[in-house]
1. So how compact is the range 102-163: Cα radius of gyration and Dmax in angstrom?
2. Working out 0.36 nm times the residue gap between S273 and T98, then minus their Cα-Cα distance, what length gain in nm do you get to one decimal?
3. Farthest toward the dipole's positive end in the range 85-233, which of M214, Q191, H171, given Cβ charges of +1 (Lys, Arg) and -1 (Asp, Glu) about the Cα centre?
4. Want the number for T188 to T124: 0.36 nm per residue separation, take away the alpha-carbon distance, what's left?
5. Can you give me the relative contact order of the chain as a percent, contacts being Cα pairs under 8 Å and 6 or more apart?
6. With everything on Cα atoms, drop me the angle between helix 155-164 and the longest principal axis of the chain, reported from 0 to 90° to the nearest 10.
7. For the cross-link pairs K259/K284; K57/K259; K16/K57; K15/K274; K59/K284; K162/K200, which exceed 19 Å when the distance is taken from alpha carbon to alpha carbon?
8. For the range 101-213, what size does the Cα cloud have along each of its three principal axes, sorted from largest down, in whole Å?
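The values are calculated or read from the model by the stated rules, or taken from the named source; none is laboratory data. These numbers come from a predicted model, not from an experiment. Methodologically, a virtual Cβ is constructed for each residue, glycine included, from the backbone with ideal geometry; neighbour enumeration extends over all protein chains shown. Side chains included, ligands, DNA and RNA excluded: accessible areas come from the protein's heavy atoms. Shrake-Rupley method; radii C 1.70, N 1.55, O 1.52, S 1.80 Å.
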Amino acid sequence: MSVSLNTVHWSRLAKKALQGDLLTQEEALSVLQADDEEVLPILQAAFQVRKHFYGKKVKLNMIINAKSGLCPEDCGYCSQSIVSNAPIEKYAFLDKETLIAGAREAQNRQAGTYCIVASGRGPTERELEQVIEAVREIRETMPLKICACLGILKPEQAARLKEAGVHRYNHNVNTSRSNYGQITSTHTYDQRVETVEAAKQAGLSPCSGVIIGMGETDEEIVEMAVALRSIDADSIPVNFLNAIPGTPLEHRGRTPAMKALKVLALFRFICPSKEIRVAGGREKNLRTLQPLALYAANSIFVGDYLTTPGQEVTLDHQMIEDLGFEIEQCAL
């Protein structure tokens, strides 16, 4: 196929996405398996979809790690899991004042969404109340969208978070159903989906995403994207594995930057109207090609992640400015 015919092909995929049509398996795999010289035309097609729904605005998100380590789950990618020997800081749930101070820092970084994340299988009653108390005060004083990520959630817990003022709940599917048993054994793929559904039923905006680079096939990447379309997640964090020493996946190599860009474009084609966020591992996997990611994605984290450092926030602001894009000033 000549370059000109390829360009027509990618434009056709963008048109299908804008019409709300799902790509076929063959079309989806053509994105992931395209020659690297096709990345710019693919991103141009993905940008047409991104621009239709989000213009040139970029959503900024900031994480606070509200409880670090001490997790009984055996997720192979995670430095906080029971099977990890990574030398991370471990601490119990942060107090209300610290959570509120984190929200102020999110504002300083121009982040519209503040993400309260905690390790563990699910929140205890005490931990849930600490989040609820902090959220109520943040909502009274700051114009932030608040996302909580506290593990497996019961329906009544989801309802209480919604009542307190939480806007969004994150629970990533992380990998495909078919690959799930290779990543963790202490909970199931279905339990993760059930938590996302519980959040939706409570009126919380569902956020669910993936981690690329954990041994999945291209077919499984397509499976993940289609599953998140089916789940109807409003926000989709696309993480790229940061193989942390001391974790079971420490020897996994990085995802090549060009492949990472194809993955982001695929998620834009399959979930065209959703917030596609370049999440953990962005700096390590995309490296100098980070700016190109925003032609498909429309959202990034600013600052550090859970146990790994992020890029200096001023560099993120400069990247957005240099692209001619603009920071979304209010996520509400």
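1. Spelled out, the Cα radius of gyration and Dmax of the range 102-163 are 11.8, 34 Å.
2. Working: separation 175, 0.36 × 175 = 63.00 nm, distance 3.44 nm.
So the chain would gain 59.6 nm between S273 and T98.
3. So the residue we want is H171.
4. 21.0 nm
5. Averaging sequence separation for qualifying contacts and normalising by length gives 23 percent for the chain.
6. It works out to around 80 degrees.
7. Too far apart for the 19 Å limit: K57/K259; K16/K57; K59/K284.
8. 44, 31, 22
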